[in-house]
1. Which residue, of A:GLU96, A:GLU109, A:GLU34, A:GLU42, is buried (at least 20 other Cβ atoms within 10 Å of the Cβ), acidic (Asp, Glu) and touching a helix residue (DSSP H, G or I) at 6+ places or on another chain (Cβ under 8 Å)?
2. Return the only residue of A:GLY84, A:GLY113 being at pLDDT below 85 and either more than 14 Å from chain B (Cβ to nearest Cβ) or out of contact with any Leu (no Cβ under 7 Å at 6 or more places or on another chain) (or both).
3. Give the residues of the stretch A:248-272 that are under 25 Å from A:LEU467 (Cβ atoms), part of a strand (DSSP E or B) and in contact with a Pro (Cβ under 9 Å, 6 or more places away or on another chain), sorted by residue number.
4. Collect the residues in the stretch A:451-461 that are buried (at least 24 other Cβ atoms within 10 Å of the Cβ) and either free of Cβ contacts under 8 Å to residues at least 12 places away in the same chain or closer than 18 Å to A:PHE394 by Cβ (or both), keeping them in residue-number order.
5. Only one of these is under 31 Å from the mean Cα position of the chain (by Cα), among the hydrophobic types (A, V, I, L, M, F, W, C) and within 14 Å of chain B (Cβ to nearest Cβ): A:LEU94, A:LEU106. Name it.
6. Among the residues that make up the stretch A:371-379, is at least one of them within 13 Å of chain B (Cβ to nearest Cβ) and part of a helix (DSSP H, G or I)?
7. Working only within the stretch B:228-243, note down all residues that are in a helix (DSSP H, G or I) and either at the interface with chain A (Cβ under 9 Å from one of its Cβ atoms) or not hydrophobic (A, V, I, L, M, F, W, C) (or both).
Amino acid sequence: MTADAPPAVRLEGITKTFGDVVANDGVDFRLERESIHALLGENGSGKTTLMNVLYGLYDQDAGTIRVDGEPRSFDSPQDAMAAGIGMIHQHFQLVEPMTVLQNVVLGHEPVDGGLVDEDAAREEIEALCDRYGFDVDDHLETPVEELDLGTRQRVEIVKSLYRGADTLILDEPTAVLTPQEVDGLLDLLEELRASGRSLIFISHKLEEVLAAADRITVLRDGRAVDTVAAADTSRQELARMMVGREVSFDRPAREAIPGEPVLEAEELSVAGDRGLERVSEIDLTVREHEILGIAGVQGNGQTELIEALTGHRVPDAGRVRLRGDDVTDVGRRRRLEAGIAAIPEDRNAEGLVQEYDLVKNALLGNQTVPPYANDGWLDWSAVEAHAEEIIEEFDVHPPDPSATAGSLSGGNQQKFVVGREIGHDPDALIAAHPTRGVDVGSLEFIHDRLLELREEGLAIVLISSKLDELRALADRIVVMYEGTFIDEVDPTGTSDAELGLLMAGQRLDEGAERETNGRSNLEGTQSESDAEATVDRRTGGDGER
Amino acid sequence: MSDDPGRVRGALDRVAARLLDASVYERVGIAVGSTGLALLIGLVVVAAAGHNPLLFAQQLVVGSVGSTGAFTRTLRFTTLFILAGVAVAIAFRAGVFNIGVQGQLIVGGIACVLSILWLAPFVPNGTLGGVGLTLVGLLAAVVAGGLYAALPGVLKAYYGANEIITTIMLNFIAIGIVGWAVDGPLRPEDARSVRTEYLPEGVGLPSVVFSDPNFSILGLGLALGVVGVVAVGMTRTSFGYDMVTSGYQASAATFSGVDPQRTIVATMTLSGMVAGLVGAVFAIMVQGYFIDPSGIGTYGFDAIAVSLLAANNPVGVVPASLLFGALESSGSHVQIHSDVPVQLIDGIVGIVVLFVAAPELFRMLAKRTGLGGEKG
């Protein structure tokens with residue numbers, strides 16, 4: 001490569017709006033050949049939109065795309081692929097019942113006499129895999145649905161390479177991987193760069209970006225803040241660029257107020273969708289004026305525990321009590337009316353009806369609760385007033401009750417959901433990942449509100465994958481591992497490394513092992529503002545359900 | 001070569017996006033436009049088949065609104081389409097695909113006739129008895145239709161059986177069993193056609209305004225009343241909100257405390273109750289007895305198109321039914337008064353149905369398949 005060769009991709013002044021929302025605002029971006037370029041930003045900062053523009057999924061409103069110096073305009077991903085650009089989406093685009101081989105060649109099958117020439121395809125894929133040290137060719141005849149997520153991701157990468165991609169875009173590639181798989185992926189990216197590919201790596205995790213990328217472009221609110229060399233920057237600087245200001249995550253001062261038990265679970269056992277026991281004989285008590293934090297790697301039974309507490313899932317054994325009343329056999333609707341509010345894990349699917357406006361969404365969950373409903377009849381004016389109240393009190397933008405939920409940004413959606421769920425003065429609140437995918441401003445706002453509610457006497461169960469969130473809010477933290485609470489710790493007296501060990505299933509008294517196993521990603525997350533505790537161990541795009 | 005599929009997909013996406021974003025007015029425009037276009041194509045086909053298209057067009061108008069007789073016939077069909085369309089709309093709105101309205105209306109109709117015939121010996125003759133029997137018949141039809149629809153509802157909710165398949169199968173079962181009964185045990189000895197006994201004197205809906213023996217303004221009033229009840233129920237009650245929300249986004253409805261299984265069963269039951277009413281109105285107002293169900297017009301199937309044209313909105317079902325009623329009415333007129341063959345008329349009605357329902361169907365499909373891009 002000569003020094004003046006054109007960059008692999010150059011974006012100039014890309015602007016993309018959705019209705020009134022400006023997703024990208026005059027973004028410039030330059031991907032050098034044979035480099036790994038990270039696109040860093042909070043959720044909703046416009047990273048994925050920018051890449052979807054490059055990949056032909058969206059038409060930009062303004063700006064130009066150059067690939068290898070040539071101005072290009074892509075009408076579809078097929079056009080982008082033809083120009084050597086491949087994209088690995090966060091949610092894999094694989095046909096699950098089909099084999100790896102069929103998935104890789106899909107749409108580009110080598111043909112021999114009108115039939116798919118599987119032998120030629122196999123040879124070609126094996127050659128590719130040999131070159132990069134992929135293990136994908138071990139599974140060529142295996143249906144994709146039988147593979148773990150890390151392998152599926154490699155199948156996606158092989159698929160792009162098979163189609164001749166020189167430039168690969170990876171959208172949040174680590175979100176679904178285990179820590180070991182993350183290490184493997186980062187090695188693989190190096191490998192691909194060494195073989196002459198150019199890579200764009202979308203992430204909001206600072207450590208990964210610093211470890212993997214050559215250069216880093218930070219996006220905030222749809223604008224490119226700056227592009228820096230990974231070697232010349234620090235986590236602190238990147239965090240400041242991402243957020244736009246210094247953010248304090250110190251634990252707010254508070255005093256313990258002893259209160260009555262509100263929500264209790266006793267020897268609770270819950271089976272998951274496949275009938276396997278996911279929660280095993282858990283005891284739990286949350287009192288008034290208390291926030292109980294539940295830490296754990298995702299997929300250790302938190303979802304099932306939440307569902308058993310909210311009334312969405314019938315436990316196999318054990319009892320759930322609300323203020324002493326047994327509510328084990330009471331369904332969601334009556335528990336909700338009885339005062340168990342819940343912030344859903346997945347606000348897009350569960351918390352909001354995307355096509356409803358905010359008024360109709362304000363009724364969601366309240367459709368049998370006075371004053372919004374009386375004897376089965378709805379009072380829309382009360383609902384509308386409620387919607388306006390939430391918008392006002394939780395600073396939802398745009399402040400327009402007739403806006404559809406789907407048109408709001410993630411942070412505003414979440415503020416609306418939180419506002420609605422605590423709106424009817426519940427006794428207990430189950431808050432699952434209340435700040436997931438939320439910008440930092442909204443995050444602080446939600447945290448403050450949760451602490452206020454605690455002051456007012458609400459009993460809160462907080463499930464989060466962010467250790468700093470648990471540390472800032474919880475009065476006690478229990479660590480969930482394989483369906484049980486492995487330990488209970490004091491949020492102020494326990495380090496992130498110790499929590500990390502517990503989350504990995506090791507008790508703290510196993511001190512000797514701690515030294516040898518305490519390595520890896522867990523330490524890296526300490527004291528970092530946006531650090532996710534560990535990589536979510538999801539088994540599917542939407543978690544365990 | 002390789003980017004051709006991309007172009008097609010891109011074009012499809014744009015069309016789908018346009019349809020998804022269409023406002024209410026645009027959708028009304030699309031419906032009116034596609035109706036006009038379909039009729040135009042129909043005229044071309046008629047001309048190509050060697051008939052006079054202008055004469056044919058004139059016959060269509062005359063046959064639907066050209067005389068009092070034609071007009072009441074149009075209203076008669078409209079009444080049936082409104083009820084059947086609302087039955088479909090209830091289910092579709094809640095995201096449940098009840099394709100079994102035809103079967104449910106047959107079961108409702110026969111239940112209506114049988115209950116009246118069985119009870120007739122025990123009630124006094126005259127107006128009072130007639131009114132009583134009529135009400136009993138309507139009630140029996142509602143109950144029977146509701147139960148017949150609850151069955152696939154239960155199968156879907158608790159056993160995961162696809163309701164499209166079960167309701168279609170139940171259509172065949174209803175046609176078969178009722179067909180056998182009407183031709184066998186229920187057929188009077190002196191009946192020259194396949195039918196039940198005549199309903200007793202006094203049972204029926206009085207004509208009031210028009211003198212057509214097969215149409216009563218009360219029947220139309222009943223249908224409009226059902227529209228009103230369903231429309232209010234859907235928008236102003238907790239249950240309606242549960243139902244419609246389940247149709248939009250089942251996961252969010254469940255999280256908000258809706259019991260998905262019970263909602264599915266309730267939706268199917270309600271839909272079937274209205275479908276049963278179609279059968280009762282058909283038996284009481286139109287026929288005066290019950291006939292071989294394979295000879296009953298395909299109101300239950302046409303209602304799917306009616307509902308789609310109305311975007312599954314119960315109020316929208318009324319104008320959509322008027323259009324379908326007029327087409328059905330003029331079809332039967334043209335069949336008698338012109339030499340255009342019957343098959344051609346059916347074909348033209350088919351084109352209209354296709355054109356009119358396709359945009360809405362496409363909309364629903366686009367929503368389901370994610371064509372037209374993800375929102376938000």
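1. A:GLU42
2. Details: A:GLY84 fails: at pLDDT below 85.
Of the residues listed, the single one that is at pLDDT below 85 and either more than 14 Å from chain B (Cβ to nearest Cβ) or out of contact with any Leu (no Cβ under 7 Å at 6 or more places or on another chain) (or both) is A:GLY113.
3. Within the stretch A:248-272, A:ALA265, A:LEU268, A:VAL270 meet the criteria.
4. Taking the stretch A:451-461 first, the residues buried (at least 24 other Cβ atoms within 10 Å of the Cβ) are A:458-461.
A:LEU458, A:ILE460, listed by residue number.
5. Numbers: A:LEU94 fails: within 14 Å of chain B (Cβ to nearest Cβ).
Just a single option satisfies the conditions, and that option is A:LEU106.
6. No; the residues of the stretch A:371-379 include none that is within 13 Å of chain B (Cβ to nearest Cβ) and part of a helix (DSSP H, G or I).
7. B:GLY228, B:GLY233, B:THR235, B:ARG236, B:SER238, B:PHE239, B:GLY240, B:TYR241, B:ASP242
Residue-wise test of (1) in a loop (DSSP other than H, G, I, E, B); (2) modelled with pLDDT of 90 or more; (3) under 26 Å from the mean Cα position of the chain (by Cα).
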residue: B:ALA89; (1), (2), (3): no, yes, yes
residue: B:GLY95; (1), (2), (3): yes, yes, yes
residue: B:ILE110; (1), (2), (3): no, yes, yes
residue: B:LEU114; (1), (2), (3): no, yes, yes
residue: B:TRP118; (1), (2), (3): no, yes, no
residue: B:VAL143; (1), (2), (3): no, yes, yes
residue: B:LEU155; (1), (2), (3): no, yes, yes
residue: B:LEU170; (1), (2), (3): no, yes, yes
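The values are calculated or read from the model by the stated rules, or taken from the named source; none is laboratory data. This structure is a prediction, so every number in the text was calculated from the model and none was measured. All Cβ positions, glycine included, derive from the backbone under ideal geometry; neighbour counts span all protein chains shown.
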